[in-house]
Structures are given as structure tokens and as C-alpha cells.
1. As an exercise: evaluate Pro224 against (1) modelled with pLDDT of 95 or more; (2) part of a loop (DSSP other than H, G, I, E, B); (3) more than 13 Å from the ligand (Cβ to nearest atom) and give the number of the one condition it does not meet.
2. If you check every pair at least six apart or on different chains, which have Cβ atoms under 6 Å apart with a residue in the range 150-161 that is in the same structural domain as Met113 (by TED's automatic domain parsing) first and a residue that is in a loop (DSSP other than H, G, I, E, B) and among the β-branched types (Val, Ile, Thr) second?
3. Condition first: free of Cβ contacts under 8 Å to residues at least 40 places away in the same chain and out of contact with any strand residue (DSSP E or B) (no Cβ under 8 Å at 6 or more places or on another chain). Now tell me which residues in the range 246-265 satisfy that.
4. Considering each residue of the range 98-123, count those that are of a type in the set (Val, Ile, Thr), under 17 Å from Thr55 (Cα atoms) and under 25 Å from the mean Cα position of the chain (by Cα), and give that number.
5. Would you pick out the residues in the range 345-370 that are surrounded by fewer than 10 Cβ atoms within 10 Å (Cβ to Cβ) and assigned to a loop (DSSP other than H, G, I, E, B)?
6. Exactly one of (1) in contact with an Asp or Glu (Cβ under 6 Å, 6 or more places away or on another chain); (2) at pLDDT below 95 is unmet by Ser404. Its number?
7. Only one of these is under 25 Å from Trp43 (Cβ atoms) and in contact with a Cys (Cβ under 8 Å, 6 or more places away or on another chain): Pro183, Pro176, Pro104. Name it.
8. Can we say Leu78 is touching a residue at least 40 places away in the same chain (Cβ under 8 Å), under 24 Å from Ser230 (Cα atoms) and touching a helix residue (DSSP H, G or I) at 6+ places or on another chain (Cβ under 8 Å)?
Amino acid sequence: MITHNRDLSVDFCGVRFPNPFVLSAAPPTDDLDMVRAAFDSGWGGAVLKTTSVETEPVQLVYPMMSAVHYDGRRIVGLGNIDLISEHHIDVVERRAETLKREYPDRVVAVSIMGSKKDEWQTLVKRLEAVGVDIIECSFSCPQGSMGEEPGAMLAQSIDATERVAGWVKAAAQRCPVVIKITPQVTNIVKVAEAVKRGGADAICAANTIPALMGLDVDTYVPYPNVNGRSTYSGLSGPAIKPLTLRTLAEIARQVELPITATGGPVTWRDAVEMMLVGATTVQFCTAVMHYGYDIIDDLQDGLAFYLEEKGFAHPADITGRALGNIVNHAELARDHKVISALNKERCVKCDLCYIACRDGAHQAIKLGQTDRVPEIDPDRCPGCRLCVTICPADALSIVAADGS
Ligand SMILES: Cc1cc2nc3c(=O)[nH]c(=O)nc-3n(C[C@H](O)[C@H](O)[C@H](O)COP(=O)(O)O)c2cc1C
């Protein structure tokens, strides 16, 4: 149940979202009743899982999921070897029409993938005819490719990205066109520029990261084990959030295009971070697959209270607000001297900061002879912040070296 009464609506390419929280193209949007349940819970929009023309073969393999667990936490990262939806456009267009009729105030987007110009354009026309709000084009699906290299994703080719974005845009009479890219490229800005040159209205950044999820050291088979063999997975979830943030910032700093973010958000705070570096809406997948649709309550409440506390009227007021604070390394202050400081009351005497500083940093921490409380040597500590990141009790912080 949500407790706020703030207007969280946003405008994205002329489409009004009741809130900026959207389900990305993935299993949580691959079934009509599931999307109904999501909309009943309060999600602002949904991108129906990537569909294709009826003649496109889609053969899934199972099992398709594996995960990175770390230090007792499940699903730090989720890996999948899923493909696009098994449901073709004939099924998806009926679902989209039904959802638009039943939930006119929610945004229904559909993700599409074609392998030829007429397929892309047919998909667009059929979806516009049933009233979808937004067309999202998957240029980063593991299946099919119109790029220059066999096996490469479409968005890994600058020329193909521009060309296919142009085809889709030429076919779209009414709907904004969003291009979903891959972060697995040398220069994300060049891809975003190609999306813009192709005439698309917005960019969806940045999808899963290609990964090998781990190996069974007894059988030598990577995860997930599909009858004795495996392949590369798409890594999603909290592990990839920092990569997504960087991708968003890179695009937002250099290319003028509205952005819908995807890759790693779990909490309202994650979503706010993505908005601060340029996103207008934020898409969720792994967090919903892990915790369910009801996380939308916390997302809405958290954002509402954050805006209230900071004195912002609308979610759009925070979009891009952090970008001015991101500079190239050469532009960072060289004359800013800092040092670690210890809050003795919080210290649990675990020795972890001492060990890390001794073997991984500047040997600037000693342990008290009798009480084992860390002591920071101001002549050796440059304030690298390793100890702060390691301390499990938040007993360390970085302060100005001159005490100011
Ligand atoms: C099992 C699974 C299937 C997915 N299928 C699609 C798809 O069909 N089309 C697409 O564009 N993205 C697909 N994705 C990617 C998600 O939409 C999303 O961009 C990605 O998981 C990163 O977001 P997250 O960290 O919130 O999960 C899929 C992701 C998962 C986990």
C-alpha cells in the first residue's frame, strides 16, 4: 500500500507515465495476466517482452537462469540465456490492445525485433494499429543480427544502428521510437549518436552485460548447464548498476536524447541515482523477478518522500541533476587533501581496516597495543578511502586533512 499523495507523473517523448517506474521487456511482461497484476499493483508502464513476426523461429533452452551469490546474499547478479518471446506479434498485438483498453492511463510499450526492413516496419504498423503507446526496438537481443559481423548484436554496429533506427522511425506514424542498445561496445556515445541520426525519439540504456556466470569445477561445464554444455549469459541485477550508471552518464553528457534506464535497479534510491544521471523513466526486471511486483509501493513512496525532502515538485526536476558533477579525471581537484578519521564508539575492533591498509594500501593504520583500537598515522594516510569501504561498522570516514 502506498502512503504518499504526490503526483509522480513524467512525460517521456510526449507520453504521460503516471510514475517513472516501468517493467522492462522480460518474463514479468510476457503474459497478459501478469501485466494486469503489475498494473493493478501500480506500475506506471510495461514494455512487453520482445516479439517478432510469426515466421521467426524462437526455440528456447532450459535451464536458462543462473546467478552470482556473494557472502550470503542471493542474486547479486542474475544470468539468463533467454531469447526473445516465444509469443509472436499476433499474440502480442492482442495483448497490447487488451491492456490499453483495460488500463488506458498506463503506458503500454512493446519491444520488437526484426531481421529485415519489412519485418521491422510490419511490426511497427501492426502495433500502432492496436494503440500501443511506445515502440521499443531491441538492438541488443542475443538472437538474430543485422550488424556487420555474424553473431554481433545490432547495436554493436554504428551503421546498422543508424540504418535500422531510420527504418523503424520511417514506419512509425504516431508512436515514439525507443532504441534499446547494449553496453558491450567500445564507445557508447557513438552508438547513441547513431540512434539520434537515425531519427529515433529516445534511447533505452543499457540492458544486460554478456558474461560467463561461473563453472562447475568438477564437470568443467559453465552455468547454466544445458545437458552438458553452456553459453554466455546476459548479466543483470544489482551487480551491473554501476556499469549502467556510467553508460547513462556518458550518453546524457554528450547526446541530447531522452533516456529510459535499464540495468540493475532494486530500490527507489537506485532509480533516483539513474534519474540524476539523465534517465526520465527507470525500467525494472531482475528486482521484480526476485521480489515481485509489489516493490512498486516502496519505489513510489521512496521517490515521493525524497522529492518532498529535497523540495522538488516533479520527478523530472531531478533528471540529469548530477551530470555537472561528473568530469574527466584531469579536471579533479589536486589540492584537496583528505585523511581517514575513526569514530571510536562505533569501532568493533575487527582489525579489517588494519589488515586492508597494511596489505592493500599505505600501512597508515596501527592497532592500539592494549585495546586494538585502530590509530591513523596522518603522515602516511593520503585518504584513499579503502578502510572506509571495508569497515563493517561505518566507524571510519574521510575528512579534510586540515580539520576544516
Ligand atoms: C530472463 C530475462 C529475459 C529477458 N528478455 C529480454 C527481451 O526479450 N528483450 C529485451 O529487450 N530485454 C530482455 N531482458 C533484459 C531486461 O529487459 C533488462 O534490460 C535487463 O535484465 C537489465 O535490467 P535488470 O538489472 O533490472 O534486470 C531480459 C532479461 C532477463 C533476466
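1. (3)
2. The qualifying pairs are Met153/Thr182; Ala155/Ile181; Ala155/Thr182; Gln156/Val185.
3. Within the range 246-265, the first condition is being free of Cβ contacts under 8 Å to residues at least 40 places away in the same chain, and the residues that meet it are 246, 264-265.
Arg246, the sole residue that qualifies.
4. The initial filter retains those residues of the range 98-123 that are of a type in the set (Val, Ile, Thr), namely 98, 107-108, 110, 112, 122.
Pick out the ones that are also under 17 Å from Thr55 (Cα atoms) and you get 112, 122.
When the remaining residues are screened for being under 25 Å from the mean Cα position of the chain (by Cα), the result is 112.
So the answer is 1.
5. Going through the range 345-370, the residues surrounded by fewer than 10 Cβ atoms within 10 Å (Cβ to Cβ) turn out to be 345, 359, 369-370.
Glu345, Gln369, Thr370 - these are the residues of the range 345-370 that are surrounded by fewer than 10 Cβ atoms within 10 Å (Cβ to Cβ) and assigned to a loop (DSSP other than H, G, I, E, B).
6. Evaluating Ser404 over (1) in contact with an Asp or Glu (Cβ under 6 Å, 6 or more places away or on another chain); (2) at pLDDT below 95 leaves (1) as the failure.
7. Pro176
8. Working: touching a residue at least 40 places away in the same chain (Cβ under 8 Å): yes; under 24 Å from Ser230 (Cα atoms): yes; touching a helix residue (DSSP H, G or I) at 6+ places or on another chain (Cβ under 8 Å): yes.
Considered against the rule, which asks whether it is touching a residue at least 40 places away in the same chain (Cβ under 8 Å), under 24 Å from Ser230 (Cα atoms) and touching a helix residue (DSSP H, G or I) at 6+ places or on another chain (Cβ under 8 Å), Leu78 comes out as yes.
The values are calculated or read from the model by the stated rules, or taken from the named source; none is laboratory data. All values derive from a computational prediction rather than experimental measurement. In this analysis, Cβ positions are derived from the backbone assuming ideal geometry, glycine residues included, and neighbour counts consider all displayed protein chains.
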